[in-house]
Amino acid sequence: MGKYDFIAIDFETANNNFNSACSIGIAAVKNNVIVDEFYSVDVHGITADTVVSSPTFAELWPQISHYFDDELLVAFNASYDMHVLYNCLYKYNLDIPMLKYVCSMQLCTQLMNISKNVSLEESCEYFGVDLI
């Protein structure tokens, strides 16, 4: 087990290509407290001009790879975020770590006992979590 309880991740892509990550947010959680954070680009209002001078995923990987070493990853709609992560690693010919992850959207859907996937906003409202 890693040094954190879990790592929450969220990718944004510039288009429909899973290897076009233009933003990543990472929050490392220990004892229900965010103890470390990383953001590559402000998520809202991303344009081509916003990311033109931003580092590539390959350039960021040395800074963020330690978050993926033997840690449990949590993502809302994890299939999307994991596809982006794997595709970016593959695109830049980076070693793909052994990853353990859970999808918080699926967990929320089950805990809320509903048959359709629930949105992040609905989940936060249901569980009384402030959406920042």
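The values are calculated or read from the model by the stated rules, or taken from the named source; none is laboratory data. Since the structure is predicted, the reported quantities are computational estimates derived from the model, not experimental observations. For neighbour counting, all protein chains shown are included, and Cβ atoms are generated from backbone atoms with ideal geometry for every residue, glycine included. For accessibility, only protein heavy atoms count, side chains too; no ligands or nucleic acids. Shrake-Rupley method; radii C 1.70, N 1.55, O 1.52, S 1.80 Å.
Treating only the Cβ atoms of Lys and Arg (+1) and Asp and Glu (-1) as charged, compute the dipole magnitude of the chain about its Cα centre; round to the nearest 20 debye.
Approximately 360 debye in magnitude.
Please count, across the chain, the pairs of lysine residues with Cα atoms under 27 Å apart that sit 8 or more places apart or on different chains.
Close lysine pairs under the 27 Å cut-off: 5.
Mind ranking 111, 94, 89 by accessible surface for me, highest first, 1.4 Å probe?
The residues order as 111, 94, 89, largest area first.
Once you wrap a convex hull around the alpha carbon atoms of the stretch 61-121, what is its projected area averaged over all directions, in nm²?
That works out to 4.9 nm².
Counting heavy atoms of the protein chains only and a 1.4 Å probe, report the per residue accessible area for the chain as a whole number of Å².
That works out to 63 Å² per residue.
Springs between alpha-carbon pairs under 10 angstrom, Gaussian network model over the chain: which of 26, 114, 96 fluctuates most?
Sorting by GNM fluctuation, first place goes to 114.
Please report the carbon-and-sulfur percent of the accessible area for the chain; probe 1.4 Å, protein heavy atoms only, DNA, RNA and ligands left out.
The nonpolar share, carbon plus sulfur, comes to 52 percent.
Taking the structure as given and computing Kirkwood radius over Cα pairs in Å, which label from (i) 16.3; (ii) 14.8; (iii) 15.7 fits?
Checked against the structure: label (iii).
GNM on the chain, C-alpha springs below 10 Å: top fluctuator among 13, 56, 109?
Taking springs between Cα atoms under 10 Å, the residue moving most is 109.
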